[in-house]
1. Within segment 115-143, count every residue that is assigned to a helix (DSSP H, G or I), in contact with a strand residue (DSSP E or B) (Cβ under 9 Å, 6 or more places away or on another chain) and at pLDDT below 95.
2. Can you find a residue in segment 25-40 that is at pLDDT below 90 and either crowded, with 20+ Cβ neighbours inside 10 Å or under 23 Å from residue 340 (Cβ atoms) (or both)?
3. So if I check each of 190, 238, which one is within 20 Å of residue 12 (Cβ to Cβ) and surrounded by fewer than 18 Cβ atoms within 10 Å (Cβ to Cβ)?
4. If a residue has to be surrounded by 13 or more Cβ atoms within 10 Å (Cβ to Cβ), in a loop (DSSP other than H, G, I, E, B) and under 21 Å from the mean Cα position of the chain (by Cα) to count, how many in segment 144-181 make the cut?
5. May I ask you to say which residue of 269, 259, 294 is modelled with pLDDT under 95 and either crowded, with 22+ Cβ neighbours inside 10 Å or closer than 13 Å to residue 186 by Cα (or both)?
6. Taking segment 92-108, which residues are outside any loop (DSSP other than H, G, I, E, B) and surrounded by fewer than 24 Cβ atoms within 10 Å (Cβ to Cβ)?
7. Would you mind finding the one in 205, 213, 161 that is touching a residue at least 24 places away in the same chain (Cβ under 8 Å), out of contact with any strand residue (DSSP E or B) (no Cβ under 7 Å at 6 or more places or on another chain) and on the phi > 0 side of the Ramachandran plot?
8. Restricting to segment 59-86, what's the tally of residues that are under 23 Å from the mean Cα position of the chain (by Cα) and within 20 Å of residue 128 (Cβ to Cβ)?
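The values are calculated or read from the model by the stated rules, or taken from the named source; none is laboratory data. Everything numeric in this text was worked out from a predicted model, so none of it was measured. Here the Cβ is made from the backbone with ideal geometry for all residues, glycine too, and neighbour counts use every protein chain on show.
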């Protein structure tokens, strides 16, 4: 199949969306599919206001459409609601070309946090963007139900996977963390206001708090929390070693649609502490037993994040690793292809 993937999130951005999309493209090509990406790397860009690490493309629908038209895609997948996503959407509708989208980020919540304006005012834009899509790919059933409640019922499950050749319980821990007071409490992800990191750093308790990642809130958090170790962004084996060094992984976000870092932590044998919100509920479960057939607790969810950390510490690492190993990228790629497969046959979307 010839698959065109359009995304405003791409390297050098470092986040779960980019890692998911890049992994998916690599896996599709290994299976023999021809994949063309349309990303900010292809065009002139400007920094996103208040978030300069994110670059916004200046390409319009005509330029994006020319690329899509020349490629001759069997399926077009629009991964993000940014400038490239809107340009591709416009071209597909003008050509009567069916397309799918995915919902990776709760933009209404993110924008609300940055502007102080209620998220309800931004949902109409999200509905407008996704409404013509043949299918909206979502990571969890909880997210599918949320979108259905917003008038977007045409969802299709596209879960996430773990690179088990990289993340695992036998990985040597990061050497620079070895002598730190334990327990080591780890956060991995963007360092931004929407991640609610302050809720984690405000928790009392013994040991050392570690933040892996970068973002616009890092400088302020480093000034405020002098006892916390900020390691910046880590990749590959060093990221896996950071997970391996931790006693508990803390996921304080209230707004993520999934939380790829949680299943990486689990695959590394690290229990997860989080709030009882979508994402953690879909991975850890309200009872802490997960959703993949395990019978031992792999983490703890609580509205009091400090209490969740206390409950998660000391849980069995073997059970966590077994749960994380159940998240297969092969299964995720099959879900993605199944979401696209009708587009090569009879589906048509009216402009």
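1. Going through segment 115-143 one residue at a time, the tally reaches 2.
2. no
3. Values: 190 fails: surrounded by fewer than 18 Cβ atoms within 10 Å (Cβ to Cβ).
Being within 20 Å of residue 12 (Cβ to Cβ) and surrounded by fewer than 18 Cβ atoms within 10 Å (Cβ to Cβ) holds for just one of 190, 238, which is 238.
4. Of the residues in that region, 13 qualify.
5. On the way: 269 fails: modelled with pLDDT under 95; 294 fails: either crowded, with 22+ Cβ neighbours inside 10 Å or closer than 13 Å to residue 186 by Cα (or both).
259 is the lone residue from the list that is modelled with pLDDT under 95 and either crowded, with 22+ Cβ neighbours inside 10 Å or closer than 13 Å to residue 186 by Cα (or both).
6. Correct list: 93, 94, 95, 105, 107, 108.
7. Unique residue meeting the criteria: 205.
8. Of the residues in that region, 11 qualify.
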